[in-house]
């Protein structure tokens, strides 16, 4: 993968969904919204400097490239196992965590959800009275923060030190209620100022998320609580014919969300992890004592709906064409209702 063209889902994973060979090239069927085509694996699913370049402060590309050799060998071996086999290789949880973390789906979904959330919060606090209500609660409950704000304001004034001390003593003598009222009176347009700042945050989101994603991938993902949680699960390779692979790569189930979903938060209690490694093999991690029974139609539908842009398949069939209509229909990281609930909740007093 090293270089300018960096594959988002690795070529060795896509190889499991090859439809045929043509002049030494492995081909796959790609299904996007409104279009389907057969493509070489090497010519599909890459983006320029997606994982970084030498010009970036952090470049995850060399790290990912170094991992792909051993990961490829393990996936190749897992594909040869009969259905319902134990996947006992100790690197399996690490591989699955890597695939779920490296996708463009994750990066774009985080940008999209963050942008929508920031937009909702900005619109709410654009009304200065909403922010003033928060300030009253906040400063009355946390008067030390009011003192800190006063110290910051005095530090910016061109006053002798003794004069700053006198001014601070007089101002604090007003009492926290009067002082809070004074601060609110002095900031009639704070809502518009906050709205402007949030607009700047929204503009910076894509580059900030990209940098953070690359920085995360450049770290050792094997030494994370998520991988430790996955290592406590039982892992199997199941024989399931007709599987598709979407741009989300992995699906999850959990105690809080028993249906297939895209990402599992650390407090959800993961019960299942599902990674298609070929058109007839599914790598599964489960918290149960026995492997789950997979309905391929339900699984493919979930994989397709949770994928943002495409899925790949080894076949161009009526079934795949029907699935194509579902691409991206449920691919958001958080639903609009979940985002709205966050945006309408009060800012925490612990800020």
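Of the residues 144, 94, 90, the single one that is over 23 Å from residue 67 (Cβ atoms) and out of contact with any strand residue (DSSP E or B) (no Cβ under 7 Å at 6 or more places or on another chain) is 144. Is there a residue being under 20 Å from residue 7 (Cα atoms), modelled with pLDDT of 95 or more and under 18 Å from the mean Cα position of the chain (by Cα) anywhere in the stretch 274-293? Yes, the stretch 274-293 contains at least one residue that is under 20 Å from residue 7 (Cα atoms), modelled with pLDDT of 95 or more and under 18 Å from the mean Cα position of the chain (by Cα). When residue 41 is evaluated against the numbered criteria (1) out of contact with any helix residue (DSSP H, G or I) (no Cβ under 9 Å at 6 or more places or on another chain); (2) under 27 Å from residue 93 (Cα atoms), which criterion, by number, is the only one it fails? With respect to (1) out of contact with any helix residue (DSSP H, G or I) (no Cβ under 9 Å at 6 or more places or on another chain); (2) under 27 Å from residue 93 (Cα atoms), residue 41 is out only on (1). Could you please find all residues in the stretch 47-82 being free of Cβ contacts under 8 Å to residues at least 12 places away in the same chain and either closer than 16 Å to residue 218 by Cβ or part of a loop (DSSP other than H, G, I, E, B) (or both)? Result: 54, 55, 66, 80. Scanning the stretch 22-35 for residues being modelled with pLDDT under 95 and part of a strand (DSSP E or B) gives a total of 2.
Determine, yes or no, whether residue 110 is assigned to a helix (DSSP H, G or I), within 30 Å of residue 235 (Cα to Cα) and modelled with pLDDT under 95. When the stated conditions are applied, residue 110 passes them.
For (1) surrounded by 18 or more Cβ atoms within 10 Å (Cβ to Cβ); (2) out of contact with any helix residue (DSSP H, G or I) (no Cβ under 7 Å at 6 or more places or on another chain), each residue gets a yes or a no:
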{"position": "221", "(1), (2)": "yes, no"}
{"position": "248", "(1), (2)": "yes, no"}
{"position": "254", "(1), (2)": "yes, yes"}
{"position": "262", "(1), (2)": "yes, no"}
{"position": "265", "(1), (2)": "no, yes"}
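Of note, residue 133 satisfies the criterion of being under 35 Å from the mean Cα position of the chain (by Cα) and without any contact (Cβ under 8 Å) to a residue 24 or more places away in the chain.
Scanning the stretch 4-21 for residues that are touching a residue at least 12 places away in the same chain (Cβ under 8 Å) and outside any helix (DSSP H, G or I) yields 4, 5, 6, 7, 8, 9, 10, 18, 19. Report yes if residue 288 is surrounded by fewer than 16 Cβ atoms within 10 Å (Cβ to Cβ) and farther than 20 Å from residue 117 by Cβ, otherwise no. Yes: the conditions hold for residue 288.
Of the residues in the stretch 327-350, not one is part of a helix (DSSP H, G or I), in contact (Cβ under 8 Å) with a residue 40 or more places away in the chain and over 26 Å from the mean Cα position of the chain (by Cα). Within the stretch 234-258, the residues that satisfy the criterion of being in a loop (DSSP other than H, G, I, E, B), in contact with a strand residue (DSSP E or B) (Cβ under 7 Å, 6 or more places away or on another chain), at pLDDT 95 or above and at negative phi are 240, 243, 244, 247, 250.
The values are calculated or read from the model by the stated rules, or taken from the named source; none is laboratory data. Computed from a prediction, not measured in an experiment: that's the story for all the values here. Note: ideal-geometry Cβ built from the backbone for every residue, glycine included; neighbour counts use all protein chains shown.
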